[in-house]
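Bear in mind that the values in this text are calculations on the coordinates, not laboratory data. Here the structure is a predicted model, which is why all the values come from computation and not from measurement. Note that each Cβ is placed from the backbone with ideal geometry, even for glycine, and that neighbours are counted across all protein chains shown.
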Amino acid sequence: MVAKLFLECFDGSAIELFRRFIARHPDVRKWIIAADFSQHNDRPFDCFAFTVIPYDAWPAEIERDVKEALPKDLKKSKDLDDEAIEWLRDPRRFHVAITVNGRLAIFWNGPGSVPLTIAREYIAITLANAVQAGAADETIARIKKLKQDAQANGFNVGLLADIWLLAIWFAVLTVLIGRERLAEVIGWFPDRDKMTNYCDHVWYDFALWNAQLFAETFSVDMRRTRCPAGAPDRSSGKERMWFDYMIRAADWIAGTVAAWDRKRNRIPGDQRKYLRMLENVIPSADNIVVLHLDMNEAGMQFRRIVAARKNWLLRTINDFMNAMRRLAHIVRTWFGN
C-alpha cells in the first residue's frame, strides 16, 4: 500500500522530471542509490533522502567529483558556496527526500492493539515465509535473531518501523528505475545508522523481498537486475565508511529538509547553510523531489512538497535571529563587566 501511494504521488507530480534525468543517461545500465537520514533529533520532521547516481565513471572519479564540490558534510559546514549549489542542482544526479511526522501507525491493527504484539506477529510471519521460500542460511539467522530480540518487553518497535520504511523506500526507488530503464545493477549505499546496522543489516533482506514483490505487483521485469548493498569496511577492526562520498548530497538534503519548519517557514537560527539550501538549491530544482507521508490510524496520504523561493522572508527571519543573538551577547558582556 505504501509503495502504491508513493508511485501514484510520484507519477502524478514528478515523473517527467525523473524521465528527463533518465534520458540524460541513455547508455547507463548500472545505478547507485545512496541514502542518508535525519531522524529523531528534535527537528520538525524525520527525513529519508536518496540520491540516484549513474554508475558511468570509476569510483575514484565519482569520489573526486563529489569532494571537490562538497568537501564536508552538513554538520561540519557553516556555509554553502556557489560551486556546491551548482553541483547539487546538476541534473546528472536525482534526489528524492521523504519526510514523515507524527505517530506512524505501522504496527497497529485497530483500537486496543499493542504495537509490540503486532511487531512480533509480523516477524514470525516473515520468518515462516523466508523458511518456506528457501532463503539463505545467513538470512534465516538474521530473522531468527530479530525474532529473539522482539521477545523482550523493551524491544524497540520504533526502530523496526524505521527499518520497515527504509526497506520500502529502497525497493520502490529501485523498481521505479527498473520500470523506466532496463538495469543490470542497482546498488544500495545507505549511511551507517541504527537502522542499517541492526541485526547484521537485516534491512537488506527486507528491501530485497520488497523489490521482488513490487516488481511483480507493478509488472516490472527485474529478473536480471542485481541489487548489491554497501556496508562499512570492518576488515581492520575499525569501521570505515569507504563510500561516505556517495551519501554526501543525501546528507545535505536530509538535514535541510528535516530542519525546515514548513508550517512557519523557519530554519534553524543563524545557520546560513540552511538558508542557502532553501533559497538556492531546493526551490525549482529539476533534480530534487520532496515528498511527505502522513501515516496514522486514520490512514495514509502522500503529497509532494514544492519549495518556492521567498528570499525576503527567510532573510528577515535569519536577520532577526542574528540580531537577537548579538543583543544577547552584548547584554551578557555588559553584565559580565
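Of the candidates HIS201, HIS25, HIS292, which one comes out as most mobile in a Gaussian network treatment of the chain with C-alpha springs shorter than 10 Å?
HIS25
Along the charge dipole of the chain, which of ILE163, TRP87, PRO232 sits closest to the positive end, that is, farthest toward it, with unit charges on the beta carbon of Lys, Arg, Asp and Glu (+1, +1, -1, -1)?
Of ILE163, TRP87, PRO232, it is TRP87.
Which angle between 0 and 90 degrees, to the nearest 10, do you get for helix 115-132 versus the longest principal axis of the chain when only C-alpha atoms count?
It works out to around 50 degrees.
Please name whichever of ILE305, PHE107, ILE62 sits farthest to the positive end of the charge dipole of the chain, dipole taken about the Cα centre and charges placed at Cβ: Lys and Arg +1, Asp and Glu -1.
It is ILE305.
Under a GNM of the chain (C-alpha, springs under 10 Å), which listed residue has the highest mean-square fluctuation: PRO26, PRO232, PRO44?
Maximum fluctuation in the GNM of the chain, among the listed residues, is at PRO26.
Starting from the Cα of LYS78, step 7 Å along the direction of its Cβ; do the same at HIS40; then give the gap between the two resulting points in nm.
About 3.2 nm, to one decimal.
Could you tell me which residue out of MET277, ILE33, GLY178 lies farthest along the dipole of the chain toward its positive end? Charges go on the beta carbon: Lys and Arg +1, Asp and Glu -1, centred on the Cα centre.
MET277
Sort largest first and round to whole Å: the equivalent ellipsoid semi-axes of the chain, each the square root of five times a Cα gyration tensor eigenvalue.
Details: eigenvalues 236, 131, 83 Å².
Its equivalent ellipsoid spans semi-axes of 34, 26, 20 Å.
R0 = 56 Å: FRET efficiency of GLU16 with ALA124, Cβ-based, nearest 0.05?
Values: r = 43 Å, r/R0 = 0.77.
So, using R0 = 56 Å, E works out to roughly 0.85.
Which aspartates and glutamates does LYS273 reach when only Cα atoms under 16 Å apart count, and residues fewer than 8 places away in its own chain are ignored?
The qualifying aspartates and glutamates are ASP73, ASP79, ASP81, ASP82, GLU83, GLU86, ASP251, ASP261, ASP319.
Mind scanning LYS30/LYS67; LYS78/LYS238; LYS147/LYS238; LYS30/LYS72; LYS72/LYS263 and naming the pairs with a C-alpha gap bigger than 25 Å? All intermediate terms of the calculation are to be shown ahead of the outcome.
Values: LYS30/LYS67 22 Å; LYS78/LYS238 29 Å; LYS147/LYS238 28 Å; LYS30/LYS72 27 Å; LYS72/LYS263 29 Å.
Cα-Cα > 25 Å for LYS78/LYS238; LYS147/LYS238; LYS30/LYS72; LYS72/LYS263; rest within.
With a point put 7 Å past each Cα toward its Cβ, work out how far GLU184 is from ASP56 in nm, to one decimal.
Result for the modelled spin labels: 1.5 nm.
Name the residue, out of ALA128, ALA167, ALA254, whose mean-square fluctuation peaks in a Gaussian network model built on the chain with Cα pairs under 10 Å.
ALA128
Roughly how many Å is it from the Cα centre of the range 78-138 to that of the range 1-37, as a whole number?
About 17 Å separates the Cα centre of the range 78-138 from the one of the range 1-37.
Relative to a virtual label point 7 Å from the Cα of ASP294 in the Cα→beta-carbon direction, which members of the range 236-267 show backbone nitrogen distances below 15 Å?
Answer for the range 236-267: 262-263.
In degrees from 0 to 90, rounded to the nearest 10, what is the angle of the helix 59-69 Cα long axis to the longest principal axis of the chain?
20 degrees
About the Cα centre of the chain, what is the dipole size in debye to 20, counting +1 per Lys and Arg Cβ and -1 per Asp and Glu Cβ, all else neutral?
Its charge dipole is roughly 780 debye.
Dividing the convex hull volume of the alpha carbon atoms of the range 1-49 by its residue count, what do you get in Å³ per residue?
Working: hull volume 6.0 nm³, N = 49.
Hull volume over Cα atoms, normalised by residue count, gives 123 Å³.
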